[in-house]
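Here is the structure we will look at, set down as structure tokens.
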Amino acid sequence: MENIPANLISLIAFAIVMLVAMLLLALKNRFAQQISALKLQIQSQDLQLIELQNLLASSELQLKAIQQQCNDSQLENEQVSKQLEHRIKVAQEQFTNQFETINQLLHQQPEDKLYSRAQKLVELGADITEIMRECDIPRAEAEMLLAVHRKNVAE
């Protein structure tokens with residue numbers, strides 16, 4: 001190394017330092033680009049996060065509204081169901097009463113049926129002869145039915 005002039009060594013050392021400096025500068029630029037790209041990704045992800053949070057809040061509001069509608073519908077259905085149950089009960093009671101009335105009418109004595117028919121004929125304006133013939137009852141009973149009917153009409 002004694003034969004190599006000092007200027008040449010300085011020049012080589014300067015070239016090496018310059019080369020290292022250029023490499024460091026290139027690395028710095030590359031890292032700066034990567035950092036910039038990463039910052040853009042973070043900003044993009046932050047925007048996506050905000051959009052997702054807004055979407056979640058909107059979905060929660062919709063869910064609450066739907067739950068309220070379901071609760072309202074359930075309450076209304078329960079009320080309608082109770083009303084229908086009441087109507088069914090009333091209809092069953094009416095049916096039972098009518099069924100009992102029909103059974104009573106079916107089991108009435110034949111004489112009762114004749115007198116009921118005679119009463120209807122009196123109300124329709126039939127005379128004594130027609131009542132006696134249609135209902136097969138004696139004249140005195142036909143006259144009594146007419147008298148009672150006239151008395152009720154007069155009152």
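Nothing in this text is a laboratory measurement; each read-out follows from the coordinates by a stated rule. Every value quoted in this text rests on a predicted model; they were computed, and no experiment measured them. Cβ atoms come from the backbone with ideal geometry, glycine included; neighbour counts cover every protein chain shown.
The figures follow:
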| read-out | value |
| --- | --- |
| Length-normalised contact order of the chain in % [C-alpha pairs under 8 Å, at least 6 apart] | 11 |
| Segment 1-85: Rg to Rh, with Rh as the Kirkwood radius over Cα pairs | 1.79 |
| Segment 109-155: projected area of the alpha-carbon convex hull, averaged over directions, in nm² | 3.0 |
| Selected from CYS70, ALA91, GLN45, residue furthest toward positive end of dipole (the chain; charges at beta carbon) | GLN45 |
| Estimated dipole of the chain in Debye, rounded to 20 [Cβ of Lys and Arg +1, of Asp and Glu -1, Cα centre] | 1100 |
| Sequence of HIS86, HIS149 once ranked by neighbouring C-beta atoms within 10 Å, starting from the fewest | HIS86, HIS149 |
| Gain on full stretching of the segment that runs from ILE50 to THR101 - 0.36 nm per residue minus C-alpha separation | 10.8 nm |
| LYS120, LYS89 arranged by Cβ crowding within 10 Å, fewest neighbours leading | LYS89, LYS120 |
| Filtered GluC sites (Glu not before Pro), segment 1-85: DSSP coil and at most 16 other beta carbons within 10 Å | GLU2 |
| Fewest-first ranking of ILE128, ILE9, using other Cβ atoms within 10 Å as the exposure measure | ILE9, ILE128 |
| Average silhouette area of the chain, convex hull of alpha-carbon atoms, in square nanometres | 23.6 |
| Helix axis angle, 110-123 relative to the chain longest principal axis, alpha carbon, degrees | 90 |
| Backbone HN-Hα couplings from phi across segment 68-75 [Karplus 6.51/-1.76/1.60, Hz, Gly and Pro as x] | 5, 4, 4, 4, 5, 5, 5, 4 |
